[in-house]
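*Asks:* Pasting a structure below so you can have a look.
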Number of protein chains: 2
Amino acid sequence: MSDAAGRIDALISSFPLFEGQARETLRDLTAIAEIKRFARGQLLFLDGDPGNGFYVLASGRVKIFKLSPDGKEQILHVFGPGEPFGEATAFEGIPFPASAEALQESEAVFFHRDRFVALIRKDPTLALTMLAVLSRRLKKFTVMIEHLSLRDVPGRLAAYLLLLRERQGGANELDLDLRKGLLASLLGTIPETLSRILARMSSHGLIHVDGSRITILDGDRMEALADGTERLG
Amino acid sequence: MSDAAGRIDALISSFPLFEGQARETLRDLTAIAEIKRFARGQLLFLDGDPGNGFYVLASGRVKIFKLSPDGKEQILHVFGPGEPFGEATAFEGIPFPASAEALQESEAVFFHRDRFVALIRKDPTLALTMLAVLSRRLKKFTVMIEHLSLRDVPGRLAAYLLLLRERQGGANELDLDLRKGLLASLLGTIPETLSRILARMSSHGLIHVDGSRITILDGDRMEALADGTERLG
């Protein structure tokens with residue numbers, strides 16, 4: 001292995017995205033990877049460019065941004081070392097939905113989509129191991145968001161349900177008028193956590209849930225939850 | 001398509017795990033899927049059983065648990081409709097690391113590992129689309145954890161760095177004595193968020209970061225962050 005390949009190999013082995021991959025698969029990934037260097041201010045790709053591959057940052061920082069029609073910049077994300085970007089776009093083979101620019105001198109490992117897909121075709125365990133790693137991280141993050149949300153979300157949900165009761169004329173039988181994903185976003189959480197909080201409220205006898213119909217059983221305790229004088233156990 | 005297949009097809013199309021899959025791929029998934037029904041208290045699999053497939057819950061609730069050597073039960077997770085479980089294990093083909101039991105009458109769609117791997121071999125876009133969906137969710141969750149953590153984590157990090165200063169004899173040059181992942185866990189966040197908070201503290205002139213060496217530049221404001229009288233902008 002050349003020095004350059006040895007360096008790419010060491011980098012790739014350290015990326016969380018490729019955690020748990022077999023030595024041989026890491027070697028295959030090294031063989032298709034390219035190191036790209038970017039000066040401060042240099043563009044990596046533009047909004048609308050074909051998603052012909054993805055990057056994992058090795059050093060530096062890269063911002064992902066969109067320009068509004070009047071030229072205003074909206075920064076969507078800033079990535080640091082070890083973080084992948086453009087990968088969802090490249091996996092789907094769609095155009096990049098935003099632009100990327102190096103915020104400082106940066107180095108990234110680039111994987112060409114076609115070569116990456118060919119690797120998966122040859123060795124499905126590459127994809128299966130990546131899916132396993134992403135699944136585990138997602139579950140860990142879900143638990144963490146639930147843990148972080150539990151301090152506030154039940155109170156906000158109670159406030160929302162009470163507001164809904166007012167809007168729907170004061171009856172305790174409510175129709176959830178938002179998709180669950182949208183309601184979760186409104187409350188600053190994710191659908192999984194929202195479901196669990198609804199289940200918990202239900203098992204505490206505060207509400208009865210039947211599909212998208214919710215009945216408030218204990219309005220006083222819902223008020224207490226909403227104003228923070230009580231907490232959901 | 002038979003009634004049963006039509007029902008499985010409708011279920012599979014609604015699972016977040018298979019979001020964005022082409023009609024044809026959904027049909028292939030339906031063809032390899034089995035509906036399994038479980039009575040309340042029934043075991044789906046046991047800790048140590050081969051991970052020969054994974055489940056997506058269609059209705060009911062399933063708990064994932066481990067038994068300690070003295071028979072005490074530790075519940076790791078409770079899954080509800082739409083949520084997959086056992087998939088990371090099945091993707092890797094390792095034994096289940098915990099047991100699963102239905103908490104109420106439940107229905108799950110089961111995908112046999114070998115058939116699922118054969119599908120990916122035939123149609124890598126199945127894996128690529130799943131990777132794209134999981135990547136996007138992970139990024140969304142990362143942003144959300146950062147958002148939720150930002151209320152408290154900088155303060156706790158400041159407190160930790162001040163504690164470290166005391167422990168290391170009062171000098172402002174500190175050696176981070178934990179791996180970043182461990183420190184992030186201790187603070188209740190993830191490494192990405194920790195990196196961003198360190199970068200933000202650095203750009204505010206509170207600290208200077210050089211690898212794992214951190215120098216406290218403004219001890220007074222770090223104290224203010226730690227006791228909550230100041231917030232990181």
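The values are calculated or read from the model by the stated rules, or taken from the named source; none is laboratory data. What you are looking at is a predicted structure, and each value in this text was computed from that prediction instead of being measured. All Cβ positions, even for glycine, are placed from backbone atoms using ideal geometry, and neighbour counts span all protein chains on display. Ligands, DNA and RNA are excluded from the accessible area calculation, which covers all protein heavy atoms including side chains. Shrake-Rupley method; radii C 1.70, N 1.55, O 1.52, S 1.80 Å.
*Asks:* Can you tell me, using C-alpha contacts under 8 Å and at least 6 residues apart, the relative contact order of segment A:150-226 as a whole percent? Present the calculation step by step, with values, prior to reporting the outcome.
*Replies:* On the way: 76 pairs, mean separation 30.4, N = 77.
Relative contact order of segment A:150-226: 39 percent.
*Asks:* Also: What gaps in nm, shortest first, separate A:Ser203 from its twins in the other copies when you place the label 7 Å past Cα toward the beta carbon?
*Replies:* 4.2
*Asks:* Also, I was wondering about something else. Using +1 at the C-beta of Lys and Arg and -1 at the C-beta of Asp and Glu, which of A:Phe85, A:Gly20, A:Met130 has the Cα lying farthest in the positive direction of the dipole of segment A:3-138?
*Replies:* A:Gly20
*Asks:* Defining the label point at 7 Å along Cα→Cβ, can you sort the distances from A:Ala10 to the same site in each other copy, shortest first, in nm?
*Replies:* With the label placed 7 Å along Cα→Cβ, A:Ala10 yields 5.8 nm.
*Asks:* Compute, for segment B:150-226, the length of the dipole vector about the Cα centre, with Cβ point charges of +1 (Lys, Arg) and -1 (Asp, Glu) only. Units Debye, rounded to 20.
*Replies:* On the way: 10 positive and 10 negative charges, 52 e Å.
Dipole size: approximately 240 debye.
*Asks:* Taking the Cα centre of the protein assembly as shown as origin, sum charge times position over the Cβ atoms of Lys and Arg (+1) and Asp and Glu (-1), and report the length of that vector in debye to the nearest 20.
*Replies:* Details: 58 positive and 62 negative charges, 77 e Å.
Taking the Cα centre of the protein assembly as shown as origin, the dipole is about 360 debye.
*Asks:* Let me ask another. Got the B:Gln74 label distances to the other copies yet, label 7 Å along Cα→Cβ, in nm, shortest first?
*Replies:* 4.4
*Asks:* Would you list B:Arg156, B:Arg196 from the most to the least accessible area, probe 1.4 Å?
*Replies:* Values: B:Arg156 90, B:Arg196 40 Å².
Sorted by accessible area, descending: B:Arg156, B:Arg196.
*Asks:* Then there's this: Of all the Cα-Cα pairs you can form in the protein assembly as shown, what percent are over 45 Å apart?
*Replies:* The share of Cα pairs beyond 45 Å in the protein assembly as shown comes to 16 percent.
*Asks:* Next question, about the same structure. Using only DSSP helix segments of four residues or longer, with each worth -39500 (n - 2.57), what per-residue ellipticity at 222 nm results for chain B after dividing by its residue count and rounding to 500?
*Replies:* After summing the helix terms and dividing by residue count, I get -14000 deg cm²/dmol.
*Asks:* Please determine, in degrees from 0 to 90 and to the nearest 10, the orientation of helix A:113-122 with respect to the longest principal axis defined by the Cα atoms of chain A, where the helix direction is its Cα long axis.
*Replies:* 90 degrees
*Asks:* Any aspartates and glutamates with Cα under 13 Å of the B:Lys139 Cα? List them, leaving off those in the same chain fewer than 8 positions away.
*Replies:* Those aspartates and glutamates meeting the cut-off are A:Glu83, A:Glu87, B:Glu192.
*Asks:* Run the numbers on segment B:93-205 and let me know its relative contact order in percent, using alpha-carbon pairs under 8 Å that are six or more apart. Could the numbers behind the result be given before it?
*Replies:* Values: 34 pairs, mean separation 24.3, N = 113.
Worked out over segment B:93-205, it gives 21 percent.
*Asks:* With +1 assigned to the C-beta of every Lys and Arg and -1 to the C-beta of every Asp and Glu, and no other charges, what is the dipole magnitude of chain A about the Cα centre in debye, to the nearest 20?
*Replies:* Value, rounded to 20: 380 debye.
*Asks:* Continuing with this model, one more query. Restricting to Cα pairs below 8 Å that are 6+ residues apart, what does the relative contact order work out to for chain B? Please round to a whole percent.
*Replies:* 18 percent.
*Asks:* Structure shown: which of A:Lys180/B:Lys122; A:Lys122/B:Lys66; A:Lys72/A:Lys180; A:Lys140/B:Lys72 lie over 25 Å apart, alpha-carbon to alpha-carbon?
*Replies:* A:Lys180/B:Lys122; A:Lys122/B:Lys66; A:Lys72/A:Lys180
*Asks:* Report the FRET efficiency, 1/(1 + (r/R0)^6), for A:Glu24 and A:Arg115, where r is their Cβ-Cβ distance and R0 is 22 Å, rounded to 0.05.
*Replies:* 0.85
*Asks:* Mind checking which of B:Leu217, B:Pro191, B:Leu176 is farthest towards the positive end of segment B:150-226's charge dipole, using Cβ charges of +1 (Lys, Arg) and -1 (Asp, Glu) about the Cα centre?
*Replies:* Toward the positive end, the furthest listed residue is B:Pro191.
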